[in-house]
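Let me begin by presenting the structure, written as structure tokens, before commenting on it.
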Amino acid sequence: MYLSNIKLWNFRKYGEVGSTFDLTKPSLDLNFTKGLNVLIGENDSGKTAIIEAIKLVLKTHSYDYIKVEDKDFFDGSTRFRIELEFSDLTDEEAKNFIEWLGWKGTGADARTFLKLNYDVTRNDKKINPSDIKAGSDSEGYLLTAEAKEYLKTTYLRPLRDAENELISKRNSRLSQILLGDPTFKNKDQNHELVHMFEGLNTNLKKYFKGEEINFIDKDGNPVKKAYDDGRIIKDKIDGYIKDFYNEGIFTEFNVSSTELKSILEKFSLFLESQRNVGLGTLNRLFMAAELLHLNKKDWHGLRLGLIEELEAHLHPQAQMQVIEALQRQEQIQLILSTHSPNLASKVKLENLILCNKGNAFPLGKSYTKLDEKNYIYLEKFLDTTKANLFFAKGVILVEGWAEEILIPSIAKAIGKDLTAKGISVVNIGGVGFQHYANIFLRQNPPHMTIPVVIITDTDIRTYEKITEKVGEKEVTKYVKKDNSIEITKKIAEINAKSTSNLKYFPAPQWTLEYCLFKSPKLTEIFQTNAKAIHPQIFADDKDFELELATQLFKQGLQKTEIAYKIAHDLDEIAKDLSHQTLHLNEAETTDSIYYLIEAIRYVTNS
């Protein structure tokens, strides 16, 4: 069995101001996959709320103290509701929930499911008692304590204290994990460990009585020996006891308990031959112990792990190693949250769930407009630097390094700090925008509202290449042409691809560099820096525009270096907006760089 769906009404971030409580219109309706589910998105996007809702209904194996709080109610509402649905129950699992099961489908396609609901109300800030119910209808019936035991989850909190979870103490998490394993479960006094500790108890008593003890020394040899030191200590204490009681009462040294639970509470878990290890190592050790619990044999209940901020205390390479291992877990379901682009780039796209503005969007094949080729492509090329798009408030997709370097500086020059506004500029290294853009496009409502911008060249050449024969030689010339009609048509074709949240901003001229040259605002700064990088090509006695066109044809322009120098100059100007000489904010709509300014304003909602 696995958690296949969660529905939320008015829970934390998931609600709508002024809406009526309608059971047919949940604030969140989210499907999960059987295996790995990774919640991603910007801060405060609702990732934790989803995990908290699951935990609130199912509780945890580690007996965390979990209760409803005022913050669980959306925006001052007086009622919230959580529904969880479980699918693919085996016969062994289903028998634990016979009276609460429902059926979907008919005939050979009929499948059982289990639906839980937790409906909580409050009056005058007092939260009314409520209990978990289950059943195929909206009301359901109370779930028994025994049935609830089969639905508990394993939960790893953010910034978890792994060391504290692995050391010996009363009710330690390690002892709970071991007691749940078939090796120890229901063995009680018959377990081998109990007999070992009973033998230790016997030898302990003999030691303090000065009697002979049979044991194996450090070299592995059998030894039979009595110790006077232990007897002397016991005699001294017995002397004090005699003075206190004036009766024939004697002391006895003993192991505190030989019950299996007590024995396991004395255990700690470390890595062999390693001590004083770091938090990252302990975190991985803790997760390994929890996986033992989730994969235990002969368990006919839910195998669900909830992990917040998987990357806690882990360096990037360790993060990738851990997530690869978790993706190989076939028998358990995991729901994780992360802020790490490293993890997001390593997880298969169909296992990601993007949280944004009161909704959550699975990125599986049945939800996005990505096709099979897109998924294969992104699995190869969606690296760490590009995966930051999952955590942004807005995304700018660009063709290459020049745009990636230059656009943040142009934004600063018009008073827009892309970093402060949570905007990611993603260099896709080509024109395959649709591979990335379709991540944000949905087959069915609800649709994403994250503003996504695609800045692209029109690649309609202003010059044409002509080869003429002069005598015995062929001479190549570059001749300017009127391409206005062709560009207008191309721009219209590109703009037609725009949707509600995805906007294309094509260059009104040949390329970004040609637009910079044609811009009244930036032509001087562009020409100055192009000459600094290519002093021989752009000599003062040459036609700059013709030489620029020639280099664009030959692909000989060092675009990245020129963009870097322009960006540096723009950053210097932006440091003191009151003394700007460029005033890019005042650029006319006819300025050839206006498309960049318009794109920045759209993605920043300003």
*asked:* Given the options Lys115, Lys95, name the one that is over 19 Å from the mean Cα position of the chain (by Cα), part of a helix (DSSP H, G or I) and among the basic types (Lys, Arg).
replied: Lys95
*Confirm whether Asp72 is surrounded by 14 or more Cβ atoms within 10 Å (Cβ to Cβ) and farther than 30 Å from Arg111 by Cβ.*
yes
_Failed item, numbered, when Gln509 is tested on (1) at pLDDT 95 or above; (2) crowded, with 18+ Cβ neighbours inside 10 Å_ = (1)
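Mind checking whether some residue in the stretch 10-17 is in contact (Cβ under 8 Å) with a residue 12 or more places away in the chain, crowded, with 19+ Cβ neighbours inside 10 Å, over 30 Å from Glu311 (Cβ atoms) and not β-branched (Val, Ile, Thr)? Reasoning before the result, please.
Filtering the stretch 10-17 for residues in contact (Cβ under 8 Å) with a residue 12 or more places away in the chain gives 10-17.
Among the residues that remain, those that are also crowded, with 19+ Cβ neighbours inside 10 Å are: 10-15.
Retained after the next criterion (residues that are over 30 Å from Glu311 (Cβ atoms)): 10.
The next check asks that each one be not β-branched (Val, Ile, Thr); those that pass are 10.
There is at least one residue in the stretch 10-17 that is in contact (Cβ under 8 Å) with a residue 12 or more places away in the chain, crowded, with 19+ Cβ neighbours inside 10 Å, over 30 Å from Glu311 (Cβ atoms) and not β-branched (Val, Ile, Thr).
For the stretch 155-174, does any single residue satisfy the condition of being in a strand (DSSP E or B) and within 27 Å of Ile335 (Cα to Cα)?
Initial filter on the stretch 155-174 (in a strand (DSSP E or B)): 155-156.
Applying the additional criterion that residues be within 27 Å of Ile335 (Cα to Cα) yields 155-156.
Yes - at least one qualifying residue is present in the stretch 155-174.
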*Pick from the stretch 18-30 the residues that are among the aliphatic types (A, V, I, L, M) and surrounded by 13 or more Cβ atoms within 10 Å (Cβ to Cβ): which of them is farthest from the chain's Cα centre (by Cα)?*
Leu28
_Please return the ranges of helices (runs of 4 or more DSSP H) entirely within the stretch 459-557 where 2 or more residues are assigned by TED's automatic domain parsing to the domain that holds Ile414 and more than 21 Å from Glu404 (Cβ to Cβ)._
484-495, 523-533, 544-554
*Out of the stretch 175-224, which residues are among the basic types (Lys, Arg) and surrounded by 12 or more Cβ atoms within 10 Å (Cβ to Cβ)?*
Lys185, Lys187, Lys205, Lys206, Lys209
*asked:* Criterion first (assigned to a loop (DSSP other than H, G, I, E, B), within 20 Å of Ile40 (Cβ to Cβ) and out of contact with any Leu (no Cβ under 9 Å at 6 or more places or on another chain)) does His339 satisfy it?
replied: yes
_Conditions (1) modelled with pLDDT of 95 or more; (2) crowded, with 20+ Cβ neighbours inside 10 Å; (3) closer than 17 Å to Asn359 by Cα: number failed by Lys115_ = (3)
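Let's see how each residue does on (1) under 28 Å from Leu418 (Cα atoms); (2) surrounded by 20 or more Cβ atoms within 10 Å (Cβ to Cβ); (3) of a type outside the set (Gly, Ala, Ser):
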| residue | (1), (2), (3) |
| --- | --- |
| Ala437 | yes, yes, no |
| Phe440 | yes, yes, yes |
| His447 | yes, no, yes |
| Val453 | yes, yes, yes |
| Ala496 | yes, no, no |
| Cys515 | yes, yes, yes |
*So which of Ile573, Ile562, Ile566, Ile593 is among the aliphatic types (A, V, I, L, M) and farther than 16 Å from Thr511 by Cβ?*
Ile573
*asked:* Give me the residue from the stretch 346-376 that is out of contact with any Leu (no Cβ under 9 Å at 6 or more places or on another chain) and not basic (Lys, Arg) and, out of that set, surrounded by the most Cβ atoms within 10 Å (Cβ to Cβ).
replied: Asn356
*Restricting to the stretch 401-418, what's the tally of residues that are in a loop (DSSP other than H, G, I, E, B) and at pLDDT 95 or above?*
1
*asked:* One residue is enough: does the stretch 31-38 have a residue meeting the conditions surrounded by 20 or more Cβ atoms within 10 Å (Cβ to Cβ) and over 17 Å from the mean Cα position of the chain (by Cα)?
replied: no
*Verdict on Asn43 being part of a loop (DSSP other than H, G, I, E, B), more than 26 Å from Asn171 (Cβ to Cβ) and touching a residue at least 40 places away in the same chain (Cβ under 8 Å)*: yes
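Only one of Ala549, Ala539, Ala574 is surrounded by fewer than 14 Cβ atoms within 10 Å (Cβ to Cβ) and of a type in the set (A, V, I, L, M, F, W, C); which?
On the way: Ala549 fails: surrounded by fewer than 14 Cβ atoms within 10 Å (Cβ to Cβ); Ala574 fails: surrounded by fewer than 14 Cβ atoms within 10 Å (Cβ to Cβ).
Sole residue among the options that is surrounded by fewer than 14 Cβ atoms within 10 Å (Cβ to Cβ) and of a type in the set (A, V, I, L, M, F, W, C): Ala539.
Sort out which residues of the stretch 457-491 are among the β-branched types (Val, Ile, Thr) and crowded, with 19+ Cβ neighbours inside 10 Å, and write them in order of number. Write out each step before concluding.
The initial filter retains those residues of the stretch 457-491 that are among the β-branched types (Val, Ile, Thr), namely 458, 460, 462, 466-467, 470, 475-476, 479, 485, 487-488, 491.
Listed by number, the residues that qualify are Thr458, Ile460, Thr462, Ile487.
Looking at Ala325, Ala289, which is the one that is loosely packed, with under 15 Cβ neighbours inside 10 Å, touching a Leu at 6+ places or on another chain (Cβ under 9 Å) and within 30 Å of Glu92 (Cβ to Cβ)?
Only one candidate passes the filter, namely Ala325.
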*Looking at (1) out of contact with any helix residue (DSSP H, G or I) (no Cβ under 9 Å at 6 or more places or on another chain); (2) of a type in the set (Val, Ile, Thr); (3) over 26 Å from Leu418 (Cα atoms), which is the one condition that is false for Ile533?*
(1)
*Evaluate the following for Glu69: is it closer than 26 Å to Ser19 by Cβ, more than 32 Å from the chain's Cα centre (by Cα) and modelled with pLDDT under 95?*
no
*For the stretch 404-428, what are the residues that are small (Gly, Ala, Ser), touching a strand residue (DSSP E or B) at 6+ places or on another chain (Cβ under 9 Å) and in contact (Cβ under 8 Å) with a residue 40 or more places away in the chain?*
Ala411, Gly422
_Just to confirm my filter: which helices (runs of 4 or more DSSP H) fall fully inside the stretch 228-299 and include at least 1 residues that are within 30 Å of His313 (Cβ to Cβ) and free of Cβ contacts under 8 Å to residues at least 24 places away in the same chain?_
279-294
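The values are calculated or read from the model by the stated rules, or taken from the named source; none is laboratory data. Only a predicted model underlies this, so the values are computations on that prediction, with no experimental measurement involved. Cβ: placed from backbone, ideal geometry, glycine included. Neighbour counts: every protein chain shown.
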